[in-house]
Amino acid sequence: MAIRIDGKETSRKVRGEIAKKVQELKEQGKVTGLAVVIVGENPASQVYVRNKAKACEEVGMYSEVHALPESTTEEELLALVERLNHEDKIDGILVQLPLPKHINEERVILAIDPNKDVDAFHPVNTGKIMIGNYEFLPCTPAGVMTLLKEYNIEVEGKECVVVGRSNIVGKPQALLLLQKNGTVTVCHSRTKNLAEITRRADILVVAIGKAEFITGDMIKEGAVVIDVGMNRKSDGKLCGDVEFASASEKASYITPVPGGVGPMTITTLLQNTLVASEKRMTK
């Protein structure tokens with residue numbers, strides 16, 4: 001039976017370290033601040049935003065939430081982003097995605113100052129990740145790497161398979177594993193003979209957005225299984241992209257859903273905001 005990777009416990013540990021550094025900055029006269037912008041009434045987004053504000057309070061960060069109506073125009077949103085770019089008390093800016101269809105997400109991401117882009121979605125920051133010289137990392141992939149480190153799971157020389165190729169998780173996850181000297185294969189919806197590839201993985205990261213898509217027979221004996229998915233079944237219960245029961249019989253380590261990768265995402269956001277704050281202090 002696999003060892004459960006406890007994202008909640010690791011998150012508590014990391015947040016304790018962040019809180020200590022935030023307090024040290026306060027003592028030097030610097031308040032660390034995060035601005036979160038949400039447009040519309042998406043229930044999942046509202047939950048995420050509340051959790052982010054709560055996390056900031058937990059570690060002593062200043063935070064402000066800008067909740068805008070669905071009718072907000074792209075120009076109005078861009079004007080708010082521009083104002084936040086120049087706010088001294090704001091170190092990080094996060095615009096909650098998805099945005100309403102009448103707003104161009106790419107234009108909004110491009111408008112955020114790369115030095116305040118704590119989601120690491122701006123092309124400047126994604127380019128820095130590509131070459132391995134970065135300040136910020138996308139929150140979920142970085143959270144995965146923190147969990148691997150916490151559990152002393154070595155990446156170097158391992159066969160790593162990432163199922164999913166999104167800009168938010170799959171692609172940056174592959175790069176981070178590659179930077180740790182893993183041998184990385186990226187799979188996606190067009191991959192043929194997927195199970196043959198996943199069964200080769202020493203480390204399998206699944207971020208495909210399909211409930212319980214990866215089953216135990218697709219997993220190598222003793223593999224480390226990282227489930228990034230968050231889905232809701234017909235009975236209302238949360239589940240990941242991996243069928244947990246059968247996967248646990250094969251894996252050596254596995255992340256549960258909920259309580260695995262999820263808690264690390266917001267914790268990494270706090271880390272990125274702290275990095276931005278420390279960077280701004282040195283200017």
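Just so you know, all these numbers are worked out from the coordinates, no wet-lab data involved. A quick note: this is a predicted structure, and the numbers were derived from the prediction, not measured. Cβ sites come from the backbone with ideal geometry, for glycine too, and all protein chains shown count toward neighbours.
Some points to look at:
- Net charge in the neighbourhood of residue 272 (other residues with Cβ under 15 Å of its Cβ; Lys, Arg +1, Asp, Glu -1) is 0.
- Percent of beta bridges antiparallel (DSSP, segment 139-262, rounded to nearest 5): 10 percent
- As a proxy for reagent exposure, 62, 151, 134 were ordered by neighbouring Cβ count within 10 angstrom, fewest first; the result is 151, 62, 134.
- Anisotropy class of segment 3-80 from Cα gyration tensor, a/c 1.5 cut: oblate
- Once backbone amide H atoms are built at 1.01 Å from N, residue 163 has 187, 205, 206, 207 as its partners under 5 Å, excluding neighbours fewer than 5 places away on the same chain.
- For segment 155-283, size of Cβ-based charge dipole, Lys and Arg +1, Asp and Glu -1, in debye: 600 debye
- Dipole magnitude for segment 30-113: about 280 debye, using +1 per Lys or Arg Cβ and -1 per Asp or Glu Cβ, origin at the Cα centre.
- For segment 139-146, backbone phi angles converted through the Karplus equation (6.51, -1.76, 1.60; θ = phi - 60°) give residue-by-residue couplings of 5, 6, x, 5, x, 4, 5, 5 Hz, Gly and Pro being listed as x.
- With 20 Å as the limit on Cα-Cα distance, the pairs of 30/116; 13/128; 8/220; 52/89 that go past it are 13/128; 8/220.
- Ignoring aspartates and glutamates fewer than eight residues from residue 54 along the same chain, the ones with Cα atoms less than 12 angstrom from its Cα are 64.
- Mean sequence separation of contacting Cα pairs (under 8 Å, at least six apart), scaled by the length of segment 189-283, corresponds to a relative contact order of 24 percent.
- Order of 122, 86 under a 10 Å beta carbon neighbour criterion, fewest first: 86, 122
- Since only 48, 68, 11 are under comparison, the one whose Cα sits farthest along the positive direction of the charge dipole of segment 1-115, derived from C-beta charges on Lys, Arg, Asp and Glu, is 11.
- As a proxy for reagent exposure, 121, 244 were ordered by neighbouring Cβ count within 10 angstrom, fewest first; the result is 244, 121.
- Within the same chain, aspartates and glutamates fewer than 8 places from residue 233 are excluded, and of the rest, those with a Cα less than 16 Å from its Cα are 212, 241, 243.
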